[in-house]
Amino acid sequence: MPKNLVIVESPAKAKTIAKYLSKDFKVMSSFGHIRDLPKKDIGVDLKSFEPIYQVPPDKQKVASELKLAAKGATVWLASDEDREGEAIAWHVCMLLNLPPARTNRIVFHEITESAIAAAVANPRNIDPKLVDAQQARRVLDRLVGYELSPVLWKKVRGGLSAGRVQSVAVRLIVEREREIKNFRPVSSYKITAVFDAHGKDVPAELAQKLANDKLAEDFLGALSSASFKVSAIFKKPGTRSPSPPFTTSTLQQEASRRLGYSVRQTMVLAQRLYENGHITYMRTDSVNLAGVAIDGAKKYISDNHGANYAQVRQYKTKSRSAQEAHEAIRPTHIGTLSAGADNAQKKLYELIWRRTLASQMAPAKIEKTEVEIDISGRNEKFMATGEILEFDGFLKIYGGGKDDRILPNLAQGQELELKTASGLQNFSRPPARYSEAGLVKKLEELGIGRPSTYAPTIGTIQDRGYIEKKDLEGEPKQLIEFILVGGKLSRQAQDVMVGADRAKLLPTELAEIVNDFLVKYFASIIDYDFTAKAEEEFDDIAEGKVDWHETLRRFYDHFHPLVEKSEGASRAEAMKVRQLGKDPKSGEPVVVRYGRYGPVLQMGDSPAKDDKESPKPKFAPLPEGGTIDEITLEEALPMFNLPRVVGKTEAKEEITSNIGPYGPYVKVGKKFISLKEEDPLTISESRAREVIAEHAEALSQKNIADFGQLKILRGPYGPYITNGKKNARIPKDTDPEKLTQVEAQKMLDAAAEKKARPRFSRTQPRHK
């Protein structure tokens, strides 16, 4: 049995580390946190605020294996060097009954042979202050989640969650969407011109925009008889400097902008690159680079691009909580130009490699030129601008800047001839909706959460139905353009799409309802400054400045009375009930509100619980695209005709149409068939029959053979066998259409059962 046991948090990390250690070492994984707060109980003593930890059921086997392996061995705890990693190591100590102050704790920023050897040669003890900071965050999030979420269950609907960071992120998105809805665009005209200077074009733009079409038309009309000359030329040298190497936050933002990766995808890929020894630790807010990395970058740049391209820099992290002992995210070996198990990993690695190298390169040198052009008889001036890239510097490997606009040589007083001019109508734009990267940037600016928590937070608010990530098609709009050519002014209209955008975060109506309720009753808890201050207190705990129990006491003494006060809120108040008017036929009131399964229309009053005599109200879905805030009585009334009997099939089965949680559909027997273009209020019997027939044809194409419970089907990855519970792929050299029931059953029986493996979660479950 090995004399030494190394425990890490990730199975992939364990596999990589094992390659660099001798046979005297055995490496095992705890699969993240080996202990956690209980799932079905708050798990916190509300008098002392001590957490009550337990080994979750899915970790019992792992815990037993670690205990057995630790007997008689020297234990080395090698979880990541941050608060979460420190807490993981501490929990392992508690599980194994090891004294934290005398247990070997080893840390490294990169998984390389030299880094691991150095860590083993210089072990330290577990840092109790970092553990306390992590416990404070964990307990605080548990208090908020387990006391606030049940309030939402009672007042809005079951299954909802709230959290200290989660709810603030939702608030940002809701408030931004309301800013956009309340925005009123203002029209103006942008005037551009192209001048001729001895046969070379000089593009220019009027220094100010014109407020309306009359001003634009009059101005352009005056240009036909005007003369133009260069009144001033301004030249000044400038530089563009490279950005610092990546932190967790900036990597998430840049991977989104350049590669189109989601925040969650970026962190998964970075985790794999780190665990396989390709990059340094990817949860960091430091921009510091180790001396060996700087030296390696300098040598690579000088050898491959020339010494004039190299410029050594050591960036300083502005964040107070950043640990300068940590490094920025960088390749473990600068000389490795490509790394990763698949194309997605390779693209992310290349981005990290280029950013790291660029941070140690010389600035790009540019010459900026501004030319002022006078108009005879008028005070307005045209401005022509250009840049000349004199030395590309870091842009050689990390470009993406604006294309150079090179102006011809011009002299002060030089006469210019107007070739064309135009005035294009444009409208002021509302604030931009958040993308995942934009939300990360905003949270970081406000000091809310930590970069390592952004991915799970954004994932949670999407999974809970608060936020949707959508592509926006935009709306058609007609813009007016005036064009002056050859002294003749014309007016024409342009049809354009305005507001189109990709992968933006939009709040659902559920998000607006929950946010409004929380703002009303828990304004101080989901306040931006308050949430940021909580992060600062965690930093104070990590530095040993304050006691974490006292921090939790102050918070809970403020928070719990708010929970008790919210009990007085009515469900109707929380559910955003809006009166639409009365049904002209029955005189019953019609309202729209948020129901158990989403927005719903209601006709008639709800009787009291003990009233069994009064008639129950009618309910109907909202029309496609309808919202609680915008639907009208005229739009609502036809919806009460649903479900609608459309007709019957040839087999005399009734066909009905309706709108469900997933959109409009027709129903025949027990089958629900989605309607893509048809309106359930108007679809005809003949068209409904066609939809049903098309659906049956599509199913027949999917089915290769039907043996009752056993079926052979076409799937997205090829034909397969299934019994509804277990699947088996069919080999490529086997014709699925010739398989008998007996042969198919044998293949299914031979297929390996999927084995459940312990859940790996580096971070403990959060209500954040």
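What follows draws every value from the coordinates through simple rules; no lab data is involved. From a predicted model like this one, the values you see are computed outputs, not experimental measurements. Positions of Cβ are backbone-derived with ideal geometry, glycine not excepted, and every protein chain shown enters the neighbour counts.
General remarks:
- Hull volume in cubic angstrom per residue (convex hull over the Cα atoms of region 4-126): 107 Å³
- Additional length obtainable on full extension of the chain from residue 406 to residue 746, 0.36 nm per residue less Cα span: 115.1 nm
- Only the Cβ atoms of Lys and Arg (+1) and of Asp and Glu (-1) were treated as charged; on that basis the dipole of region 577-640 about its Cα centre amounts to roughly 220 debye.
- Each part gets one Cα centre, and for region 26-40 versus region 187-263 those centres are 56 Å apart.
- FRET efficiency estimate (nearest 0.05) - Cβ-Cβ, residue 473 to residue 64, R0 45 angstrom: 0.25
- Whole-Å semi-axes of the ellipsoid equivalent to region 140-202 (Cα gyration tensor, √5λ, descending): 54, 15, 7
- Proxy reagent accessibility, fewest Cβ within 10 Å first, across 627, 250: 627, 250
- Rough spin-label spacing in nm, given labels placed 7 Å along Cα→Cβ, for residue 442 and residue 102: 5.3 nm
- Relative intensity, log₁₀ I(q)/I(0), of region 577-640 from a Debye sum that treats every alpha carbon as a point, q = 0.21, 0.27 Å⁻¹: -0.81, -1.21
- Additional length obtainable on full extension of the chain from residue 114 to residue 258, 0.36 nm per residue less Cα span: 48.6 nm
- Simple rule: put +1 on each Lys or Arg Cβ and -1 on each Asp or Glu Cβ in the chain, find the dipole, and look at 76, 331, 294; the Cα lying farthest toward the positive end is 76.
- Taken about its Cα centre, region 4-126 carries a charge dipole of roughly 440 debye when the Cβ of each Lys and Arg holds +1 and the Cβ of each Asp and Glu holds -1.
- Pairs beyond 25 Å (Cα-Cα), from 40/61; 154/565; 299/347; 470/670; 229/488: 470/670
- Kirkwood Rh and Cα Rg combined as Rg over Rh, evaluated for region 248-358: 0.96
- When only alpha carbons are used to place a centre, region 62-121 and region 508-563 end up 33 Å from one another.
- Note on residue 723 and residue 184: the extension gain reaches 188.3 nm, defined as 0.36 nm multiplied by sequence separation minus the Cα-Cα distance.
- Backbone amide hydrogens, once placed in the peptide plane, bring residue 332 within less than 5 Å of 279, 280, excluding anything fewer than 5 places away on its chain.
- The chain - charge dipole about Cα centre, Lys and Arg +1 at Cβ, Asp and Glu -1, debye rounded to 20: 2100 debye
- Rg/Rg_globular for region 575-688, with Rg_globular taken as 2.2 N^0.38 Å and Rg from C-alpha atoms: 1.17
- Measuring max minus min along each principal axis, the C-alpha atoms of region 446-553 give extents of 78, 32, 27 Å (largest first).
- Listing 642, 633 from fewest to most neighbouring C-beta atoms within 10 Å gives 633, 642.
- Per-residue 3J(HN,Hα) values for region 418-427, derived from phi via the Karplus relation 6.51 cos²θ - 1.76 cosθ + 1.60 with θ = phi - 60°, read 6, 8, 9, 8, 8, x, 9, 5, 9, 10 Hz in sequence order (x marks Gly and Pro).
- Projected label distance in nm at residue 389 and residue 200, using a 7 Å step from Cα toward the beta-carbon: 1.9 nm
- Long-range amide H partners of residue 580 with built H, under 5 Å: 590, 591, 592
- For region 213-266, the fraction of alpha-carbon pairs in successive 5 Å shells from zero, as %: 4, 13, 11, 8, 7, 6, 6, 8, 12, 14, 9, 2
- Equivalent-ellipsoid semi-axes of region 642-702, from the Cα gyration tensor, Å, largest first: 17, 14, 10
- Computed over region 502-660, Kirkwood Rh from alpha-carbon pairs, angstrom: 20.0 Å
- Rounded D (µm²/s) - region 489-541, Kirkwood Rh over Cα pairs, Stokes-Einstein at 25 °C, 0.890 mPa s: 157 µm²/s
- Where trypsin sites (Lys or Arg not before Pro) fall in DSSP loop in region 30-71, at most 15 other Cβ within 10 Å: 39, 40, 47, 71
- Residue exposure sequence - 153, 353 - by fewest surrounding Cβ within 10 Å: 153, 353
- Convex hull volume per residue for region 693-753, taking Cα atoms only, in Å³: 93 Å³
- Residue 492-residue 679 FRET efficiency (beta carbon distance; Förster radius 45 Å; 0.05 resolution): 0.75
- Residue-by-residue Karplus 3J(HN,Hα) for region 431-444, coefficients 6.51, -1.76, 1.60, Hz, glycine and proline x: x, 6, 5, 6, 8, 4, 5, x, 5, 4, 4, 5, 4, 5
- Fraction of alpha-carbon pairs over 34 Å apart in the chain - percent: 66 percent
- Residue 308-residue 585 pseudo-label distance in nm [points 7 Å out on the Cα-to-Cβ vector]: 8.5 nm
- Sum of side-chain charges, residue 340 neighbourhood, beta-carbon under 10 Å (Lys, Arg +1; Asp, Glu -1): +1
- For residue 481 and residue 545, a Förster radius of 56 Å and the Cβ-Cβ distance give a FRET efficiency of 0.35, rounded to the nearest 0.05.
- Applied to region 484-494, the Karplus parametrisation 6.51 cos²θ - 1.76 cosθ + 1.60 on θ = phi - 60° returns per-residue 3J(HN,Hα) values of 10, 9, x, x, 9, 9, 10, 10, 8, 10, 10 Hz, with x for Gly and Pro.
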